[in-house]
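Below you will find the structure I want to go over with you.
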Amino acid sequence: MPVDHPDRQAITEELHARPVDILDGTTRLRRLVFVPSSPAAIDGLISGFNDFCASHGIPPMPRGVRQTSFAAGHRTATWEFHTEFVTITWRAALEDAENWPADIGIEAVGDARLIAATRIDVIADLQIPDRFIPQFNLSSLCVSLVEDGAAQIATDYVADADGYTRLEFAAGGLSPLRRSIIARRLLEIDTYRSMALLALPLARRTAPELAEAERDLTALIETLAEATTSEAIQAALDALHRLSIRSGQLSERLGYRFAAARAYGTILAARLDGLREGPTALGSTIGRYLGNRVDPALATCLAMEKRLETLTDKIERAIELLNVRIGLDLQIQNKSVLETIASTAQSQFRLQATVEGLSVIAISYYALGILSYVLAGPLEWVHFDKALAVSIAAPFAIAIVWWSVRRLRRMHFG
């Protein structure tokens, strides 16, 4: 037998990781969606759920499994653990009126917050009975044909007194498998539309802060042309660095949520396409209604994300321009310093030449003076004029001194 890829088993198990529960002809489905404080807290929720199972005699969820079902009295409950949310789904008879049962482990979610609550009544009719239509809000009423007209769904996406969004699903014309798949798809649609819209309140809360950063950057860029001194340039650079930090904080706050919203929006669109909806004369379709609400919200998040990227790019370009200007100013200063050094060197060379000449004259003068004293006695003895002798010796003394000074300079400076 060939050797299996190390991930082959995990890939195969993923195909069956979230099996579809086969539903009876009539049933009431409820789902609660909880979002923990952070994606890392999912492990804590799994631990809390296993503690609940242990205390109620329920087999614990196997390690690595993300979905498990168990019987709780006359109900069948299913827990699903996703990347950043947890769902609790249970089914019971249509007459079940208890929205918050105590035996399915709701308390195990701890401090996770409820983001969605959905109730689906699966009925055996071929279409939604007329008596149900007045129970929905007319302004948001959705009545759709699904599975190419084999079933009907009605909802208004208005939460009831207990916070549940109600859907009526007339599935009398569907097989048990198709009925179960469509019911699960409806639950996922409500789950993913809530998770996709989770980014919108964050975008609205952050919009003023982003707008303020954009205004500050615009005002700062307008003053860059007036920054001619090194102090003004350094102050502008410091302000840009502060804006860069603010931009980075906004990106850190929004990046994950916006990326997740795009992913959830894509999944939502796929689930809506899977309904194969058709319109009725009673109201909008689910896909059209949610599209008119979710798509603008996702577009708002996308626009804010692009604004944030543009802000970051502008800050980086402004910092680069200032750095180039600082570098140019340094080059100009270095050139001026080098010119000053060169001019100083030339002045020192001329001064050195002048000093050297004066030194030759001074040394020669003293040397001839000493020589006149040395020759005074001998010259008087031979009756030779001392002034004439010093005059004759003067050129030779000057030449010897000049040669000696040159030789000393060469010895020291090469």
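If we sort 129-140, 35-46, 1-12 on the protection proxy, mean other Cβ atoms within 10 Å, highest first, what's the order?
Descending packing order for the listed peptides: 35-46, 129-140, 1-12.
Helix 286-381: angle to the longest alpha-carbon principal axis of the chain, degrees 0 to 90, nearest 10?
Value to nearest ten degrees: 10.
Placing unit charges on C-beta atoms (Lys and Arg positive, Asp and Glu negative, everything else neutral), compute the dipole magnitude of the chain about its Cα centre in debye, rounded to 20.
1340 debye
Can you give me the distance in nm between label points at residue 234 and residue 367, each placed 7 Å from the Cα along the Cα-to-Cβ direction?
5.6 nm
Grab the beta carbon distance between residue 100 and residue 218, set R0 = 56 Å, and tell me the FRET efficiency rounded to 0.05.
Efficiency at R0 = 56 Å is approximately 0.60.
Taking only protein heavy atoms and a 1.4 Å probe, what accessible area per residue, in Å², does the chain have with all protein chains in place?
57 Å²
Quantify, in whole percent, the carbon and sulfur part of the accessible surface of segment 201-306 (1.4 Å probe; protein heavy atoms only).
The C+S portion of the solvent-accessible surface of segment 201-306 is 57 percent.
Return the long-range amide H neighbours of residue 167 (sequence gap of 5 or more, or a different chain), with a cut-off of under 5 Å between placed amide H atoms.
119, 120, 121
Let me have the relative contact order for segment 1-99, percent, based on Cα pairs under 8 Å that are six or more residues apart.
Once normalised by length, the contact order is 34 percent.
Now a separate question. Would you mind putting 312-321, 145-154 in packing order, based on average other-beta-carbon counts within 10 Å, highest first?
145-154, 312-321
Shape call for segment 163-269 from the C-alpha gyration tensor, a ≥ b ≥ c root eigenvalues: rounded (a/c under 1.5), prolate (a/b greater than b/c) or oblate? Please report the intermediate quantities before stating the final value.
Details: a/c = 5.82, a/b = 4.65, b/c = 1.25.
Here segment 163-269 falls in the prolate category.
Any idea what angle helix 230-274 forms with the longest principal axis of the chain, computed on alpha-carbon atoms, 0 to 90 degrees, nearest 10?
20 degrees
So if R0 is 30 Å, what FRET efficiency would residue 389 and residue 359 give, r being the distance between their Cβ atoms, rounded to the nearest 0.05? Before the final figure, lay out each step's value.
Values: r = 25 Å, r/R0 = 0.82.
After rounding to 0.05, the efficiency reads 0.75.
Taking the dipole about the Cα centre of the chain, with the C-beta of Lys and Arg at +1 and of Asp and Glu at -1, give me whichever of 89, 65, 384 is farthest to the positive side.
Toward the positive end, the furthest listed residue is 384.
So, one more: Using mean projected area of the Cα convex hull in nm² as the read-out, say which of (1) 26.5; (2) 21.7; (3) 43.2 was calculated from these coordinates.
Checked against the structure: label (3).
Using each residue's phi in segment 92-100, evaluate 6.51 cos²θ - 1.76 cosθ + 1.60 at θ = phi - 60° and report the 3J(HN,Hα) Karplus result to the nearest Hz, with x for Gly and Pro.
Rounded to whole hertz, the list is 7, 5, 4, 7, 5, 9, 8, 7, 10.
Probe radius 1.4 Å, ligands and nucleic acids ignored: give me the carbon and sulfur share of the accessible area of segment 126-196 as a rounded percent.
Working: 1340 of 2620 Å².
Ligands and nucleic acids excluded, carbon and sulfur reach 51 percent.
Counting Lys and Arg as +1 and Asp and Glu as -1, each charge on the Cβ, what is the dipole of segment 249-321 about the Cα centre in debye, to the nearest 20?
My answer is approximately 240 debye.
The values are calculated or read from the model by the stated rules, or taken from the named source; none is laboratory data. Nothing here was measured: the structure is a model prediction, and the numbers come from that model. Cβ sites come from the backbone with ideal geometry, for glycine too, and all protein chains shown count toward neighbours. Please note that ligands, DNA and RNA were not included when accessible areas were found on the heavy atoms of the full protein model with its side chains. Shrake-Rupley method; radii C 1.70, N 1.55, O 1.52, S 1.80 Å.
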